[in-house]
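Trainee: Supplied in structure tokens, the structure appears directly below.
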Amino acid sequence: MSILKIIEYGTPSLREKSKEVIKVSKKIKNLVSDMLETMYHANGVGLAAPQVGQNLRIFVVDVSDPKGPIDPIVFINPKIIKKSGAINSYEGCLSFPQAYTNVRRYKNVMVKALDINGRPFVKEARDGILLARAIQHEFDHLDGKLFIDHCRNRFEANNVLAKYNLPPVEEDRLIDEQFLEDEIVEYEKNHPEEVEKLKKEIEESENSKQ
Ligand SMILES: [Zn+2]
């Protein structure tokens, strides 16, 4: 096992569409082991193969308590088969050191994938829990999409990126998600205490990197 170099925002290969894994070979298993080691080393909750320079449809997540035992989930050739609801998610990415911003995500997702033994499984994550958001974040990496493409406020995102000397949001990459934005705004209007809670969490925590 070895720790791999994590590619940073601005590198063209992060924007490429990744290829399906044909066979979960020994080579793929070794790559997954290295990805897990790299993710834990970087204190991340998720890592996608393109982030370590391999444009293959693989990602790993571990949203378990960092103080408890590890609980990695490996997704090979994942497909999101159901998604619904909308939520504000405050996200960072291992390819964007230190930069966090508010993005739009679905609240509930169901994903089908192959595990490390090449066996199919289905995973559901509801209510906007970290797993639901991490799955969407990592899945995007396989299509060359990045969390900032979902930003709720381009100016806020650009300010954060500039602070860390990262290139600005690419306007033509921004995803039109007005329906998600409308639902988030409506939710926030009816649940001001949730907005306050999130604000506090953002201020207090370092948040998790993906
Ligand atoms: Zn990421």
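Trainee: Those residues that are out of contact with any Asp or Glu (no Cβ under 8 Å at 6 or more places or on another chain), touching a residue at least 40 places away in the same chain (Cβ under 8 Å) and outside any helix (DSSP H, G or I), I need them from the range 139-165; list them, please. It would help to see each step written out before you state the result.
Mentor: Taking the range 139-165 first, the residues out of contact with any Asp or Glu (no Cβ under 8 Å at 6 or more places or on another chain) are 139, 141-143, 145, 148, 151, 153, 155-165.
With the extra rule that they be touching a residue at least 40 places away in the same chain (Cβ under 8 Å), the set shrinks to 139, 141-143, 148, 151, 153, 156-157, 160-161, 163-164.
Those that are out of contact with any Asp or Glu (no Cβ under 8 Å at 6 or more places or on another chain), touching a residue at least 40 places away in the same chain (Cβ under 8 Å) and outside any helix (DSSP H, G or I): Asp143, Cys151, Asn153, Tyr164.
Trainee: Now for a separate question. Got at least one residue in the range 33-42 being under 26 Å from Lys107 (Cβ atoms) and not acidic (Asp, Glu)?
Mentor: Taking every residue of the range 33-42 in turn, at least one turns out to be under 26 Å from Lys107 (Cβ atoms) and not acidic (Asp, Glu).
Trainee: Let me ask something else. Give the residues of the range 89-108 that are within 18 Å of Pro78 (Cα to Cα), buried (at least 22 other Cβ atoms within 10 Å of the Cβ) and either polar (S, T, N, Q) or away from the ligand (no atom under 16 Å from the Cβ) (or both), sorted by residue number.
Mentor: Scanning the range 89-108 gives a single hit, Tyr106.
Trainee: Any residue at all in the range 128-148 that is over 30 Å from Lys23 (Cα atoms), within 20 Å of the chain's Cα centre (by Cα) and at pLDDT below 95?
Mentor: Initial filter on the range 128-148 (over 30 Å from Lys23 (Cα atoms)): 128-129, 148.
Filter again for within 20 Å of the chain's Cα centre (by Cα), leaving 128-129, 148.
With the extra rule that they be at pLDDT below 95, the set shrinks to 128-129.
Yes: one or more hits.
Trainee: For the range 109-138, which positions are under 23 Å from Gly53 (Cα atoms) and either within 16 Å of the ligand (Cβ to nearest atom) or not in a loop (DSSP other than H, G, I, E, B) (or both)? Step through it out loud before you land on a result.
Mentor: Just the residues of the range 109-138 that are under 23 Å from Gly53 (Cα atoms), to begin with: 113-118, 133-138.
Selection gives Ala113, Leu114, Arg133, Ala134, Ile135, Gln136, His137, Glu138.
Trainee: Anything in the range 43-60 that is aliphatic (A, V, I, L, M) and either on the phi > 0 side of the Ramachandran plot or within 11 Å of the ligand (Cβ to nearest atom) (or both)? List them, or say none.
Mentor: Passing the criteria: Val45, Leu47, Ala48.
Trainee: Right, another one. Tally up the residues in the range 12-43 that are in contact (Cβ under 8 Å) with a residue 40 or more places away in the chain and either small (Gly, Ala, Ser) or over 22 Å from Gly68 (Cβ atoms) (or both), please.
Mentor: At the first step, the residues of the range 12-43 found to be in contact (Cβ under 8 Å) with a residue 40 or more places away in the chain are 13-18, 20-21, 23-24, 28-29, 32, 39, 42-43.
The next check asks that each one be either small (Gly, Ala, Ser) or over 22 Å from Gly68 (Cβ atoms) (or both); those that pass are 13-18, 20-21, 23-24, 28-29, 42.
Residues that pass the stated criteria total 13.
Trainee: Now for a different question. When Ser95 is evaluated against the numbered criteria (1) at pLDDT below 95; (2) within 15 Å of Ala134 (Cα to Cα), which criterion, by number, is the only one it fails?
Mentor: With respect to (1) at pLDDT below 95; (2) within 15 Å of Ala134 (Cα to Cα), Ser95 is out only on (1).
Yes/no matrix, rows are residues, columns are (1) under 15 Å from Glu91 (Cα atoms); (2) modelled with pLDDT of 95 or more; (3) within 16 Å of the ligand (Cβ to nearest atom); (4) surrounded by 14 or more Cβ atoms within 10 Å (Cβ to Cβ):
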residue	(1), (2), (3), (4)
Asn158	yes, yes, no, yes
Glu181	no, yes, no, yes
Tyr187	no, no, no, yes
Ser205	yes, no, no, no
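Trainee: With the condition kept exactly as written, say whether any residue in the range 189-197 is surrounded by fewer than 18 Cβ atoms within 10 Å (Cβ to Cβ) and touching a residue at least 40 places away in the same chain (Cβ under 8 Å).
Mentor: Going residue by residue through the range 189-197, those that are surrounded by fewer than 18 Cβ atoms within 10 Å (Cβ to Cβ) are 189-197.
Checking which are touching a residue at least 40 places away in the same chain (Cβ under 8 Å) leaves us with none.
No, the range 189-197 contains no residue that is surrounded by fewer than 18 Cβ atoms within 10 Å (Cβ to Cβ) and touching a residue at least 40 places away in the same chain (Cβ under 8 Å).
The values are calculated or read from the model by the stated rules, or taken from the named source; none is laboratory data. As the structure is a computational prediction, the values presented were derived from the model and not from experiment. Using ideal geometry, Cβ is built from the backbone for each residue, glycine included, and neighbour counts are taken over all protein chains shown.
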